[in-house]
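Quick notes on the structure that follows.
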Amino acid sequence: MKPTAKRTLSILAGLGIGLAASTSAWSNSTLEQVMKARNLTQKDLLAAAKTYTPSGGRDEFIAFSSGGQSGQVIVYGIPSMRILKYIGVFTPEPWQGYGYEEESRKVLAQGNIQGKSITYGDTHHPAISETKGEYNGRYLFINDKANPRIAVIDLHDFETKQIVVNPLYKSAHGGAFVTENTEYVIEAAQYAAPYENKFVPLEEFNEKYRGGITYWKFNNEKGRIEQENSFSVEAPPYSQDLSDAGKGPSHGWSFTNSFCSERYVGGIERGRPPFEAGCSSKDTDFLHVVNWKKAEELVKAGKAKKINGHNVITMDVAAKEGVLFLIPEPKSPHGVDVSPDGKFIIVAGKLDSHVTVYSFDKIQAAIKAKKFEGKDPYGLPIIALKDAAHKQVQLGLGPLHTQYDSKKCVVYTSLYVDSMVAKCDYCEGKVLDKLSIHYNIGHLMTMEGDSVTPQGKYLVAMNKLAIDRFNPVGPLHPQNHQLIDISGEKMELLYDMPLPLGEPHYVVSIKADRLQPTVRYKSGTDSRTDERHPYATRAGREKTERTCDNGKCTIHIWGTAIRSHLTPEIVEAEVGDEIYFHITNLERAQDQTHGFAIYGHDAQMSLEPGKTATAYMKADKEGVYPYYCTEFCSALHLEMQGYLLVRPKGYKATAATMQEGQKYTKADYETQVKTNVETQGVIDSVVAFITSHNYQEFPTVVALVEDATDQLEFAKDAKAKSEAAAGKQDWQNAMLWANQWWQYQVKAADLGLRAKTHLEENGAKKIK
Ligand code: CUK
Ligand code: CUA
């Protein structure tokens with residue numbers, strides 16, 4: 001706005017005159033007026049009403065979206081489509097301190113590839129842990145396609161706990177998918193490569209390059225993958241794509257498709273036709289059907305071969321023992337999705353306009369009867385398509401992925417080329433409805449749609465690069481998640497949500513009430529191991545230790561954070577020291593997160609209540625390094641600060657006293673004490689209110705009371721120090737300690753008032 005225009009506005013405002021034309025329509029609007037002003041239809045209003053979530057309202061479903069190339073996971077609510085969290089997974093995420101403190105750096109380092117740190121991921125498929133095929137809300141898994149890795153996120157705190165690197169593959173796409181009771185997390189290879197980390201010429205592609213399907217053993221109690229109990233089934237270099245695990249009758253089996261069973265190796269530089277021509281020339285590829293239960297038994301019986309220290313069921317063993325079967329599937333297909341009852345497997349054609357519905361019963365009958373139409377070049381038995389297919393349904397161009405409805409036999413398939421969602425009855429093989437979506441749809445997702453209990457209601461279409469949909473933000477467009485109402489006969493588009501973090505291939509959603517996230521850690525927890533942190537400490541036990549060995553000195557700080565100070569406030573070091581700030585957040589109130597950052601070092605921590613984390617730095621340059629709390633945690637947050645002083649080697653301190661900018665008198669001290677006594681009156685009345693109610697039945701209040709009690713203890717201590725100084729007529733320190741005593745009182749009062757409000761709002765009962 002031009003300065004003159006601004007002045008005119010401010011003069012008008014001074015005279016009490018608003019800009020009538022533009023404001024009156026808004027200030028006192030009826031629904032009709034808003035519709036007119038914003039050009040909205042009845043249908044728009046209905047859609048808005050179905051998604052709008054009033055302030056304080058909650059969502060019915062929580063979605064976990066792959067963050068694509070961001071290497072993160074995006075958490076949002078449905079139907080509001082409000083983003084709730086980004087979880088750092090393969091990529092550092094500074095707000096959460098992920099990759100900026102030592103505990104999470106260790107998790108990221110588990111994902112090193114052949115010794116190299118890789119700090120991003122190309123995430124594709126999140127999966128929620130299951131019990132009997134139902135989501136149990138405990139863990140989330142996600143894969144990295146670029147560097148074959150699987151990450152484990154614990155949904156009790158939404159933090160990444162573990163990253164495992166696939167010991168065989170150089171690319172992996174068909175993960176993460178979990179088996180019915182999360183016995184295993186499935187990860188299938190994509191671009192074939194030699195298992196060994198060695199050079200093998202492309203001329204030896206057929207003999208030495210391999211695909212495969214890995215079954216990561218998951219320990220549901222510990223919440224960790226057990227690498228030593230995991231195994232892989234070797235597969236031909238067919239470019240395996242997506243996977244899904246069997247359920248119910250097909251439990252114990254898994255399904256993985258492929259898109260280049262031509263085994264074509266491009267090389268336009270060598271005058272050869274490119275990959276895309278060679279990999280789509282045949283009419284069919286192969287669905288891989290794996291009896292993983294059988295493979296598991298073979299591993300236990302010692303029939304696995306150790307490759308790179310990992311158990312591998314080789315193809316000859318797989319063929320001989322009936323572990324791996326192939327079935328033709330048209331044509332360079334994409335998604336493979338098992339039905340909730342476990343009886344059907346739907347494969348989407350991608351270059352074929354059909355989806356093919358395979359019957360698990362028919363597959364089993366063929367295997368039992370040893371009815372094969374032949375063997376592939378690796379000796380794997382091939383079941384004829386006609387012997388395994390239940391139906392083929394013609395849908396449209398570019399079918400990619402399928403999701404199940406709560407209504408029996410009803411599925412939704414994304415049509416990439418047509419930019420549509422097709423709804424069909426796969427039992428009867430009938431198309432029921434089609435809806436044009438915005439643009440290039442990849443995956444789609446119904447609520448709990450890949451579990452045994454699909455919830456129906458909503459579908460999210462994940463569209464690639466949202467051209468023309470949002471305000472332009474430069475040549476890289478956001479992605480577009482479109483929310484669709486599937487509760488009726490006809491699908492109805494409700495909402496467009498831009499996602500600006502990467503290409504989120506797949507999303508999973510869960511009923512919100514299946515999640516039980518915690519609000520604080522047990523005091524002194526290393527959140528990445530969920531165990532007590534070896535350097536955790538308690539209030540009053542803070543200490544700093546410097547130990548030297550052969551001239552190399554290390555400083556460990558057992559520090560704490562609590563409103564509103566960091567302990568210690570001064571750390572002295574010498575050039576060359578290695579410094580570890582282990583800070584425990586002593587708070588119990590759930591919103592009392594503190595942070596930690598320091599000048600000139602790549603360290604930043606998020607310290608949620610109870611957490612202990614470690615900022616590491618090497619003091620390689622002399623200087624003054626302020627550090628502070630990075631989370632606006634209280635009115636005195638800015639005062640949560642300290643100094644790291646790094647002296648040059650051999651520095652001689654000159655005797656001097658600390659200088660202070662302000663001198664205090666006896667009168668100042670007495671004024672402060674008077675304030676403190678009055679404040680104590682307020683605290684006493686709040687305490688009386690709380691203790692006269694059944695506050696112990698309210699865990700939130702109990703935590704607040706515990707924190708407040710701590711603060712009052714500190715206040716008592718400061719009061720004693722203040723009085724001792726006053727006894728010596730040291731008014732300077734008497735006043736400062738009296739002020740500190742008051743600071744503690746204020747925090748206690750703040751906590752107490754919050755507890756009181758909570759009791760009042762939640763109908764606490766008077767008990768005395
Ligand atoms: S994939 Cu991207 S649209 Cu990785 Cu599941 Cu299909
Ligand atoms: Cu603690 Cu800001």
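The values are calculated or read from the model by the stated rules, or taken from the named source; none is laboratory data. Owing to the predicted nature of the structure, the values given are computational and were not obtained by experimental measurement. No Cβ is skipped: glycine too gets one built from the backbone with ideal geometry, and neighbour counts run over all protein chains shown. With ligands, DNA and RNA removed, areas are computed over all heavy atoms of the protein, side chains included. Shrake-Rupley method; radii C 1.70, N 1.55, O 1.52, S 1.80 Å.
Okay, here's what the table says:
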quantity: Residue check, Ile555 among the hydrophobic types (A, V, I, L, M, F, W, C) and crowded, with 23+ Cβ neighbours inside 10 Å; calculated: no
quantity: Single residue of Lys652, Lys674, Lys621 found to be assigned by TED's automatic domain parsing to the domain that holds Asp591 and out of contact with any Phe, Trp or Tyr (no Cβ under 9 Å at 6 or more places or on another chain); calculated: Lys621
quantity: Condition check for Asn229: open to solvent by less than 30 Å² (accessible area, probe 1.4 Å) and in a strand (DSSP E or B); calculated: no
quantity: Any hit, region 60-69, residues being without any contact (Cβ under 8 Å) to a residue 12 or more places away in the chain and surrounded by fewer than 21 Cβ atoms within 10 Å (Cβ to Cβ); calculated: no
quantity: Strands (runs of 3 or more DSSP E) completely within region 512-623 that count 2 or more residues being in contact (Cβ under 8 Å) with a residue 40 or more places away in the chain; calculated: 552-562, 565-567, 570-574, 578-585, 594-598, 604-607, 612-618
quantity: Of the criteria (1) open to solvent by 20 Å² or more (accessible area, probe 1.4 Å); (2) within 16 Å of ligand 2 (Cβ to nearest atom), which one Val575 fails; calculated: (2)
quantity: Count of residues meeting criterion [away from ligand 2 (no atom under 16 Å from the Cβ) and of a type in the set (A, V, I, L, M)] in region 610-655; calculated: 8
quantity: Members of region 753-768 that are in a helix (DSSP H, G or I) and not polar (S, T, N, Q); calculated: Leu753, Arg754, Ala755, Lys756, His758, Leu759, Glu760, Glu761
quantity: Single condition Gly595 does not satisfy, out of (1) closer than 21 Å to Lys106 by Cβ; (2) open to solvent by less than 10 Å² (accessible area, probe 1.4 Å); (3) away from ligand 2 (no atom under 12 Å from the Cβ); calculated: (3)
quantity: Options Ala348, Ala369: the member that is within 29 Å of the chain's Cα centre (by Cα), among the hydrophobic types (A, V, I, L, M, F, W, C) and farther than 21 Å from Gly248 by Cβ; calculated: Ala348
quantity: Hits in region 123-171 - residues which are basic (Lys, Arg) and farther than 30 Å from Tyr209 by Cβ; calculated: Lys132, Arg138, Lys161
quantity: Test for His637: is it at pLDDT 95 or above, surrounded by fewer than 20 Cβ atoms within 10 Å (Cβ to Cβ) and in contact with a strand residue (DSSP E or B) (Cβ under 9 Å, 6 or more places away or on another chain); calculated: no
quantity: Count - residues of region 276-293 that are within 29 Å of Val185 (Cβ to Cβ) and open to solvent by 60 Å² or more (accessible area, probe 1.4 Å); calculated: 1
quantity: Region 374-410 - residue that is exposed (fewer than 15 other Cβ atoms within 10 Å of the Cβ) and within 15 Å of Val289 (Cβ to Cβ) and, of those, farthest from ligand 1 (Cβ to nearest atom); calculated: Lys375
